[in-house]
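Just below is one structure, and these are the notes that go with it.
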Amino acid sequence: SIFCGLFNTPFSSGIHVGKKIDKLGMRSSDTHQITFEDVRVPSKNLIGEEGKGFTYQMLQFQEERLWAVATVLTPLETLIRETIDYTRERKVFGQPVLHNQTVHFRLAELATEVELLRSLLRRAVALYVEGNDVTKFASMAKLKAGRLAREVTDTCLQFWGGMGFTSEVLVSRLYRDFRLLSIGGGTDETMLYIICKHMEILPSK
Ligand SMILES: Cc1cc2nc3c(=O)[nH]c(=O)nc-3n(C[C@H](O)[C@H](O)[C@H](O)COP(=O)(O)OP(=O)(O)OC[C@H]3O[C@@H](n4cnc5c(N)ncnc54)[C@H](O)[C@@H]3O)c2cc1C
């Protein structure tokens with residue numbers, strides 16, 4: 001996305017955009033393979049200091065990961081609420097699906113987890129605003145958000161039954177779209193590596 005402003009400019013020669021790649025989710029955002037061949041960028045277009053790109057990227061990851069966590073909280077809450085409404089309405093063998101303890105207990109548990117994630121996010125953001133390095137907390141929150149999003153969407157989809165498998169409802173879209181959260185912006189494994197590093201439990205080389 002950082003390169004989008006370069007297209008159709010005098011210095012866009014050498015940038016080749018390959019065919020659009022179909023994806024499991026996030027379909028409203030196009031993905032293409034892009035190759036760069038002897039691309040020249042005028043010095044006036046340089047952002048920051050030359051050779052510092054990787055450092056800038058690592059620093060901005062704190063914000064990107066906190067943002068990623070913030071973006072899933074409301075959709076997850078909405079999904080839990082929609083699932084409550086649907087399962088209250090949907091009757092199987094004469095009683096609402098929601099009346100099964102395995103269903104309402106599970107929804108309560110997921111709502112609790114979402115609240116815990118919100119608390120961790122707030123703590124990390126408060127520390128960040130005070131000027132602290134929150135790499136560890138941002139990584140923990142991102143790891144938890146990816147895993148929780150998968151748990152909530154998968155569980156809710158199950159409670160929606162066959163309807164949940166259709167493209168007519170929110171749950172199937174979030175099930176597909178939120179799968180990216182454990183991959184994009186650094187994978188779950190990368191988050192675990194960073195957390196281990198901060199805990200000083202990585203084996204020495
Ligand atoms: C839809 C989409 C949008 C994206 N948007 C952007 C974007 O805007 N900007 C951007 O910079 N990137 C973007 N990405 C890229 C994304 O950040 C990477 O896909 C992600 O960081 C994983 O890198 P990779 O795909 O190269 O996986 P790989 O490096 O090939 O890793 C494959 C798997 O192996 C695991 N793995 C690797 N090493 C180890 C290890 N030592 N121990 C245990 N497990 C390991 C990884 O965690 C991963 O699960 C996007 C990706 C997608 C799918």
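So, R0 is 25 Å and r is the distance between the beta-carbons of Arg122 and Ser28; what FRET efficiency does that work out to, to 0.05?
0.30
Could you tell me which of Gln101, Leu127, Leu59 has its Cα farthest along the dipole of the chain towards the positive end, charges placed at Cβ (Lys, Arg +1; Asp, Glu -1), taken about the Cα centre?
Gln101
With a ≥ b ≥ c the root eigenvalues of the C-alpha gyration tensor of the chain, is it rounded (a/c under 1.5), prolate (a/b larger than b/c) or oblate?
Oblate.
Want the number for Glu89 to Phe105: 0.36 nm per residue separation, take away the alpha-carbon distance, what's left?
4.0 nm
So how strong a dipole does the chain carry about its Cα centre when Lys and Arg Cβ are +1 and Asp and Glu Cβ are -1, to the nearest 20 debye?
Roughly 220 debye for the chain.
Measure up Lys52/Lys144; Lys23/Lys91; Lys52/Lys205; Lys44/Lys144 against 32 Å on the Cα-Cα distance and list the ones that go over.
The answer is Lys23/Lys91; Lys44/Lys144.
Straight-line reach from Lys136: which aspartates and glutamates fall under 16 Å, measuring Cα to Cα and dropping same-chain residues less than 8 apart?
Here the aspartates and glutamates satisfying the reach criterion relative to Lys136 are Glu63, Glu64, Asp188, Glu189, Glu200.
For the pair Ile195 and Met163, what calculated FRET efficiency results from E = 1/(1 + (r/R0)^6), where r is the Cβ-Cβ distance and R0 = 35 Å, to the nearest 0.05?
So, using R0 = 35 Å, E works out to roughly 0.40.
Under the 0.36 nm per residue contour assumption, what length would be gained going from the current alpha-carbon distance of Ile183 and Asp38 to full extension?
49.2 nm
Whose amide H sits under 5 Å from the amide H of Ile15, counting only residues 5 or more places off or on another chain, with H placed in the peptide plane?
Glu37
Check every DSSP H run in the chain and write down those whose alpha carbon atoms cover 15 angstrom or more along the long axis and whose mean Kyte-Doolittle hydropathy is -0.5 or greater.
What comes out of the filter, once short or polar helices are dropped, is 53-89, 101-129, 135-160, 188-199.
Bear in mind that the values in this text are calculations on the coordinates, not laboratory data. Worth saying up front: this structure is predicted, and the values here are computed from it rather than measured. Methodologically, a virtual Cβ is constructed for each residue, glycine included, from the backbone with ideal geometry; neighbour enumeration extends over all protein chains shown.
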